[in-house]
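Asker: Just dropping this structure here.
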Amino acid sequence: MAEGATGVDGADRAIASRLGFVSRPVRGLVNAPHLLVLVVLGIWVACSLVYALLEGKGPIEGLWWGIVTGSTVGYGDFYPASTAGRAVGAVLIVSMLVLVPIAIGHVIANLVFDKESLAVATVLEDVHERIDRLEHLTLASLEAQHGREWLEQRLAEHEAADAATTDVAEQMLAMFTDKNDVQDPPGGLR
């Protein structure tokens, strides 16, 4: 049973490495909205001009065909007669069906993110104000109950403990950073 699982894991890794060859650039494109828009425009213009060249149309007619075909409206006023023109049309349609919704998703996600960010910031500001009020009331109550000298002594102890904790955390972070820093060899190539 373990050997079968190992064989499957090996096959999964082989497939993943082959798919990674394609998926890494696609993921990079999908996660870079400005580049995505440039690629969409580039595909549209290139396919439109190639269509115009292959079908003997002018560049304006080619761009019109590209808009109508890429948006999948398909008025039918212009259509490719050659096989190569149809292939260009297929590339344009598939590219636009895949890439344009992703670009629209980025726009929508940014609109939603802005509303959520504003709501979170407002709540966080309110929480900070409440914490400040509670801290002030607590310190005033402790001073009234135990006296100013006792309060200052406890605050100094707390600050010393907090500083020691911060130092330990910084030391741990420094140790982690030292272990994981990989220096580039001369020439900048790895």
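All of the numbers you see were taken from the coordinates with simple rules; none came from a lab. All figures in this text were calculated on a predicted structure; none of them were measured in a lab. Virtual Cβ from ideal backbone geometry, glycine too; neighbours counted across all protein chains shown.
Asker: Can you tell me how the stretch 42-178 classifies by the Cα gyration tensor, rounded, prolate or oblate, using a/c under 1.5 as the rounded cut?
Answerer: Numbers: a/c = 8.11, a/b = 3.46, b/c = 2.34.
Since a/c reaches 1.5 and a/b is larger than b/c, the shape of the stretch 42-178 is classed as prolate.
Asker: How much length is gained on full extension from Val120 to Asn31, taking 0.36 nm per residue of separation minus their Cα-Cα distance? All intermediate terms of the calculation are to be shown ahead of the outcome.
Answerer: Working: separation 89, 0.36 × 89 = 32.04 nm, distance 2.41 nm.
Full extension from Val120 to Asn31 adds 29.6 nm.
Asker: In addition: In what sequence, highest mean first, do 157-164, 103-110, 34-41 appear when ranked by Cβ atoms within 10 angstrom?
Answerer: Highest-to-lowest ranking by the protection proxy: 34-41, 103-110, 157-164.
Asker: I need the shape label for the stretch 117-162. Rule: rounded when a/c is under 1.5, else prolate if a/b > b/c, else oblate, with a, b, c from the alpha carbon gyration tensor.
Answerer: In terms of gyration-tensor shape, oblate.
Asker: When ranked by the protection proxy of mean other Cβ atoms within 10 Å per residue, highest first, what sequence do the peptides 49-57, 76-84 form? Display every interim value, and only then the final one.
Answerer: Values: 49-57: 18.0, 76-84: 12.4.
In decreasing order of mean packing, 49-57, 76-84 become 49-57, 76-84.
Asker: Work out from phi, with θ = phi - 60° and the Karplus expression 6.51 cos²θ - 1.76 cosθ + 1.60, the ³J(HN,Hα) of each residue of the stretch 138-153, listed in order in whole Hz, and give x for Gly and Pro.
Answerer: Listing the rounded values in order: 5, 5, 5, 5, 5, 5, 5, 7, 10, x, 5, 4, 4, 4, 5, 5 Hz.
Asker: How much length is gained on full extension from Asp132 to Gln153, taking 0.36 nm per residue of separation minus their Cα-Cα distance? Before the final figure, lay out the partial values.
Answerer: Working: separation 21, 0.36 × 21 = 7.56 nm, distance 2.06 nm.
Length gained between Asp132 and Gln153: 5.5 nm.
Asker: Taking square-rooted eigenvalues a ≥ b ≥ c of the alpha carbon gyration tensor, is the stretch 68-138 rounded, prolate or oblate, where a/c under 1.5 means rounded and, failing that, a/b exceeding b/c means prolate?
Answerer: prolate
Asker: Work out the FRET efficiency for Ile93 and Leu41 from their Cβ-Cβ distance, taking R0 = 25 Å, and round it to the nearest 0.05. Don't skip to the answer; put the middle values down first.
Answerer: Numbers: r = 16 Å, r/R0 = 0.64.
After rounding to 0.05, the efficiency reads 0.95.
Asker: Where does the charge balance sit around Pro80 when Lys and Arg score +1, Asp and Glu -1, over other residues with C-beta under 14 Å from its C-beta?
Answerer: -1
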